[in-house]
Amino acid sequence: MSHVLNNVMDDAMCEAELKHRLLKWITQDCERVRALELALQCAKVHSMPQWCLAAGFVRNLVWDRLHGFELSPLNDIDLIYFCPLDISPERDLAIETYLNQLAPELPWSVKNQARMHVRNQDMAYTSCFDAMAYWPELETAVGVSYQVVDVESDTQTKTGTQTCVGMKNYPASYDIEPVAPFGLNSLFALKLSANPKRSLSVFDHRVATKGWLTRYPLLECCRTS
C-alpha cells in the first residue's frame, strides 16, 4: 500500500515540476503572454468564465523547447470556451471578430466546446476539460488560462504565478493554470499519442497532414494506448 502511495506522490510531484516548467516557458514568451492578455480581456467582455488557449499554443511551445529550436510562429491561436446557453456559430464569429479588432495580426480561432459534440457525434460535453478529453491526440489536449494578479495588492505567493521577463515596468504577474485532462507527462516525454476515444484513422490523417514527425524528429508516435 505504501508503495502505491509513494508512486502516486511521485507522479504528483512530477506533474508539479512539469507545470512549473511550462509556466516558466509561457511567461518567457511575451507573444504568448500578450495573447493570454487579449483572451482574458475578451473573456470579460463576452462573458466567458470558462476558457483557455489550447492545442498548438502549448504543445508546439513544449516541443520547440525540448528540441532546442527557436519558437515556432503562432500560426493558429485556438481559444476554446464553454457556453451551453448560446451554442450558435455566430457567437464564435462575434468573439473572433472582437479579437481580430484587438490584434488583427494574430491568427485567432474560436470554438465553443458546448457544441463540438454535435460535429464529433459524442455525448454532450460538460466543460472545456471534458471536451478536450475527446481530442484526437493526448498531447494536443493541453491548454492554459490565466488571471492577472496585482503584485502590489496581492501579498500571497501563488505556485502558478510568474512574471513575464520580457516586459519591463509591468505592475502585474500572471496566475496561469494549465488545463490538461491527460496531464503533462506524455507531452514532455515527446510522445504523440492517439486518443482511444477517437478513430485511429482520424489520428493517422492528422499525423500525415500536420507534419509533426518531420518537424519534431524526437517524437515517438504511439498509435495504441
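The values are calculated or read from the model by the stated rules, or taken from the named source; none is laboratory data. Computed from a prediction, not measured in an experiment: that's the story for all the values here. For neighbour counting, all protein chains shown are included, and Cβ atoms are generated from backbone atoms with ideal geometry for every residue, glycine included. Keep in mind that these areas ignore ligands, DNA and RNA; they rest on the heavy atoms of the full protein, side chains included. Shrake-Rupley method; radii C 1.70, N 1.55, O 1.52, S 1.80 Å.
Looking across the range 95-106, the residues that are out of contact with any helix residue (DSSP H, G or I) (no Cβ under 9 Å at 6 or more places or on another chain) and farther than 23 Å from M132 by Cβ come down to T97, N100, Q101, P104, E105. Could you run through the range 189-216 and say how many residues are over 25 Å from C14 (Cβ atoms), of a type outside the set (G, A, S) and part of a loop (DSSP other than H, G, I, E, B)? The total comes to 1. Of all residues in the range 62-97, those being of a type in the set (K, R) and more than 19 Å from Q113 (Cβ to Cβ) number 1.
The single condition among (1) over 27 Å from W212 (Cβ atoms); (2) open to solvent by 60 Å² or more (accessible area, probe 1.4 Å); (3) at pLDDT 95 or above; (4) not basic (K, R) that L71 does not meet is (1). Note on the range 109-133: residues that are in contact with a His (Cβ under 8 Å, 6 or more places away or on another chain) and open to solvent by 30 Å² or more (accessible area, probe 1.4 Å) total 2.
Considering (1) surrounded by fewer than 20 Cβ atoms within 10 Å (Cβ to Cβ); (2) within 14 Å of A180 (Cβ to Cβ); (3) within 14 Å of the chain's Cα centre (by Cα), the lone condition that Q50 does not fulfil carries the number (2).
Kindly establish whether C42 is part of a strand (DSSP E or B) and buried (at least 18 other Cβ atoms within 10 Å of the Cβ).
no
Of all residues in the range 59-92, those satisfying the criterion of being out of contact with any Lys or Arg (no Cβ under 9 Å at 6 or more places or on another chain) and under 26 Å from M123 (Cβ atoms) are R59, F82, L85, D86, E90, R91. Yes or no: the range 78-85 includes at least one residue that is open to solvent by 50 Å² or more (accessible area, probe 1.4 Å) and closer than 27 Å to D130 by Cβ. Yes.
Give the number of residues within the range 53-97 that are at positive phi and touching a residue at least 60 places away in the same chain (Cβ under 8 Å). Summing the residues that are at positive phi and touching a residue at least 60 places away in the same chain (Cβ under 8 Å) in the range 53-97 gives 1.
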